[in-house]
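J.: Supplied in structure tokens, the structure appears directly below.
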Amino acid sequence: MSNLERDPVASECGGGVGVAAEPVRDLLTGHQVALGGPRGLEVTRTLPTRGRRMVGAWCFVDHYGPVAIDGATAGRPNGSAGMRVPPHPHTGLQTVSWLVEGEVLHRDSLGSTQLVTPGQLNLMTAGHGISHSEETPREHSPRLHGVQLWVALPGAAVSTAPAFAHHADLPVATGDGVTTTVIMGELGGAASPARVLTPLVGAELRLAPGAAARLPLAPDFEHAVLPMAGSAQVDGVPLAPGPLLYLGTGRRDLAVACADGEGPGARLLLIGGVPFEEKLVMWWNLVGRTHEEIVRAREQWQAADPRFGTVTGYDGERLPAPAMPATPLKPRGRVS
Ligand code: MN
């Protein structure tokens, strides 16, 4: 997905400032963002947010749905049209697409056309530059629910060739009422085949009613948990969809539980990684190190420079970049 805001706020992050050096329980409420007009998709963005811009290399967390999208095709006025994100560029990051319900069709400037469905990972590595579109396919399930995350690339990887990978076969483990799918990195001895460029983890946790477990964590990572469905307790904190629970560093394990009467159970997303030391500038859909780098990438996108290639097959126009802010973007700390 994309940052479709017409007036995106510059976000400068990294640098190792503001990494909690101990376990904490910090609820980040995030904010609502409407993607793509009145019938577009409403997302809750919990990274970057006030007081916290990164968790490891994870630098962007959008959670959307569950939303009914059957109305769009049945001609009823109240349904969302689903996802419709026109071709737009990325630099310096990986996009991680993960669904709970429904389908999203990805097309990119490498020529990839890939449907992603629940339990599968679409991972796009922008490297030096790529463009893509994401949309609800013509034939689709009645509901859409998922997350879109970005992972910042380390300086050594920002000039790599762009790449796209679809992973339909990720490691899944079940124990103590928790079914864990390792999306990125390694958890509990199971490793995802997905390409990672800094030490990090991303995992989906499905908690059955009555589940109570302790997940092993890497103590040098900082972690956070996003509740996606149902209600759960994470390190004793009651969680339901909305906020992101930031957990700090220094944890060897994490208690997760779901009450006995909790309907179909709960679904959580765990993210974490070694605190990202490099300073970054994030603006619109671009991640870089300097203001000048972002200005150049924006100009190249506007000029249809070959750096970002061409997305074919999307029924609509490419997304124009917003105007740059009046004041230069400059790196600042991770937290503010
Ligand atoms: Mn995107």
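Let's see how each residue does on (1) open to solvent by 60 Å² or more (accessible area, probe 1.4 Å); (2) assigned to a loop (DSSP other than H, G, I, E, B); (3) at pLDDT 95 or above:
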| position | (1), (2), (3) |
| --- | --- |
| Leu268 | no, no, yes |
| Gly272 | no, no, yes |
| Trp301 | no, no, yes |
| Asp315 | yes, yes, no |
| Ala321 | no, yes, yes |
| Leu329 | no, yes, no |
| Ser336 | yes, yes, no |
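J.: Those residues that are at pLDDT 95 or above and not in a strand (DSSP E or B), I need them from segment 277-288; list them, please.
T.: Of everything in segment 277-288, those that are at pLDDT 95 or above and not in a strand (DSSP E or B) turn out to be Trp284, Asn285.
J.: Consider only pairs whose beta carbons are under 6 Å apart and that are at least six residues apart or on different chains; among these, list those whose first residue lies in segment 108-122 and is touching a residue at least 24 places away in the same chain (Cβ under 8 Å) and whose second residue is of a type in the set (D, E, K, R) and assigned to a strand (DSSP E or B).
T.: Sorted first by the residue in segment 108-122, then by its partner, the pairs are Thr113/Arg107.
J.: Of the residues in segment 203-228, how many are closer than 21 Å to Val55 by Cα, in contact (Cβ under 8 Å) with a residue 40 or more places away in the chain and in a strand (DSSP E or B)?
T.: Going through segment 203-228, the residues closer than 21 Å to Val55 by Cα turn out to be 203-205, 214-228.
Next cut, in contact (Cβ under 8 Å) with a residue 40 or more places away in the chain only: 203-205, 214-215, 217-218, 220-228.
Those still in the list that are in a strand (DSSP E or B) too: 203-205, 214-215, 222-228.
The number of residues fulfilling the criteria is 12.
J.: Next question. When both residues are 6+ apart or on different chains and their Cβ atoms are under 6 Å apart, which pairs have a first residue that lies in segment 83-95 and is within 8 Å of the ligand (Cβ to nearest atom), and a second that is at pLDDT below 95?
T.: Val85/Met1; Val85/Ser2; His88/Ser2
J.: For segment 246-254, does any single residue satisfy the condition of being modelled with pLDDT under 95 and among the basic types (Lys, Arg)?
T.: For segment 246-254, residues modelled with pLDDT under 95 and among the basic types (Lys, Arg): absent.
J.: Next up: Restricting the search to segment 104-131, which residues are in a strand (DSSP E or B) and in contact with a Pro (Cβ under 7 Å, 6 or more places away or on another chain)?
T.: Let us first name the residues in segment 104-131 that are in a strand (DSSP E or B), namely 104-108, 113-116, 121-125, 130-131.
Residues satisfying the conditions are Leu105, Leu115, Thr125, Ile130, Ser131.
J.: Output the residues belonging to segment 165-184 that are within 14 Å of Thr95 (Cα to Cα) and surrounded by fewer than 21 Cβ atoms within 10 Å (Cβ to Cβ). I'd like the intermediate steps shown before the answer.
T.: Going through segment 165-184, the residues within 14 Å of Thr95 (Cα to Cα) turn out to be 165-167, 183-184.
Across segment 165-184, the qualifying residues are Ala165, His166, His167.
J.: Going by what's in this entry, would Val104 be described as within 29 Å of Ala266 (Cβ to Cβ) and out of contact with any helix residue (DSSP H, G or I) (no Cβ under 7 Å at 6 or more places or on another chain)?
T.: Criteria met by Val104.
J.: So, one more: Taking the conditions exactly as written (assigned to a strand (DSSP E or B), modelled with pLDDT of 95 or more, buried (at least 21 other Cβ atoms within 10 Å of the Cβ) and more than 16 Å from the ligand (Cβ to nearest atom)), does Val147 satisfy them or not?
T.: Numbers: assigned to a strand (DSSP E or B): yes; modelled with pLDDT of 95 or more: yes; buried (at least 21 other Cβ atoms within 10 Å of the Cβ): yes; more than 16 Å from the ligand (Cβ to nearest atom): no.
Judged against the criteria, Val147 is not a match.
J.: Let me ask something additional. What number of residues in segment 116-128 are on the phi < 0 side of the Ramachandran plot, of a type outside the set (S, T, N, Q) and open to solvent by less than 20 Å² (accessible area, probe 1.4 Å)?
T.: So in segment 116-128, the residues on the phi < 0 side of the Ramachandran plot come out as 116-118, 120-126, 128.
Those still in the list that are of a type outside the set (S, T, N, Q) too: 116, 118, 121, 123-124, 126, 128.
Next cut, open to solvent by less than 20 Å² (accessible area, probe 1.4 Å) only: 116, 121, 123-124, 126.
Qualifying residue count for the region: 5.
J.: Show the residue pairs meeting these rules: Cβ distance below 8 Å; 6+ apart or different chains; first residue within segment 44-57 and in a strand (DSSP E or B); second residue aromatic (Phe, Trp, Tyr).
T.: Thr44/Tyr64; Arg45/Phe60; Leu47/Trp58; Leu47/Phe60; Arg52/Tyr246; Val55/Tyr246
J.: Please find, among Leu200, Leu226, Leu187, the residue that is within 23 Å of Glu101 (Cα to Cα) and open to solvent by less than 60 Å² (accessible area, probe 1.4 Å). It would help to see each step written out before you state the result.
T.: On the way: Leu200 fails: within 23 Å of Glu101 (Cα to Cα); Leu187 fails: within 23 Å of Glu101 (Cα to Cα).
Sole residue among the options that is within 23 Å of Glu101 (Cα to Cα) and open to solvent by less than 60 Å² (accessible area, probe 1.4 Å): Leu226.
The values are calculated or read from the model by the stated rules, or taken from the named source; none is laboratory data. From a predicted model like this one, the values you see are computed outputs, not experimental measurements. A quick note on method: Cβ atoms are made from the backbone with ideal geometry, for glycine too, and the neighbour counts reach across all protein chains shown. Remember, those area values only see protein heavy atoms, side chains included, never the ligands or the DNA or RNA. Shrake-Rupley method; radii C 1.70, N 1.55, O 1.52, S 1.80 Å.
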